[in-house]
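Have a look at the structure below, then the notes.
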Amino acid sequence: AGADRVLIISTGDLDLKTGRRLRQHETAVAAAKAAGVSHLLYTSMPNPEPGSPVLFAGDHYGTEQAIKASGIPYTIFRNGWYQENL
């Protein structure tokens, strides 16, 4: 009973001042761990390293770090931008 694999899709919350988006992602990772999920998948972005000129890269970087720290096997998709984002 429950999920074996979980796909976390980045929220559209871009309130960079409060860090709400990263907290939402971290909460999803923690919930997956608590539920005993065996594999996490996450939609990130290309090169979300510190110092990126992309304002929300820090949210993706922080989420990737939380996933890695969870100990759950994972797959991170570093999708390019979609036409609708331009």
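The values are calculated or read from the model by the stated rules, or taken from the named source; none is laboratory data. A quick note: this is a predicted structure, and the numbers were derived from the prediction, not measured. Note that each Cβ is placed from the backbone with ideal geometry, even for glycine, and that neighbours are counted across all protein chains shown.
Residues that are part of a loop (DSSP other than H, G, I, E, B) and either touching a residue at least 40 places away in the same chain (Cβ under 8 Å) or surrounded by 13 or more Cβ atoms within 10 Å (Cβ to Cβ) (or both) within region 36-45 comprise 37, 44, 45, listed in sequence order.
Scanning region 8-27 for residues that are loosely packed, with under 13 Cβ neighbours inside 10 Å and not in a loop (DSSP other than H, G, I, E, B) gives 9, 27. So in region 46-86, with the set limited to residues that are surrounded by fewer than 13 Cβ atoms within 10 Å (Cβ to Cβ) and acidic (Asp, Glu), which one is modelled with the lowest pLDDT? The qualifying residue modelled with the lowest pLDDT is 84.
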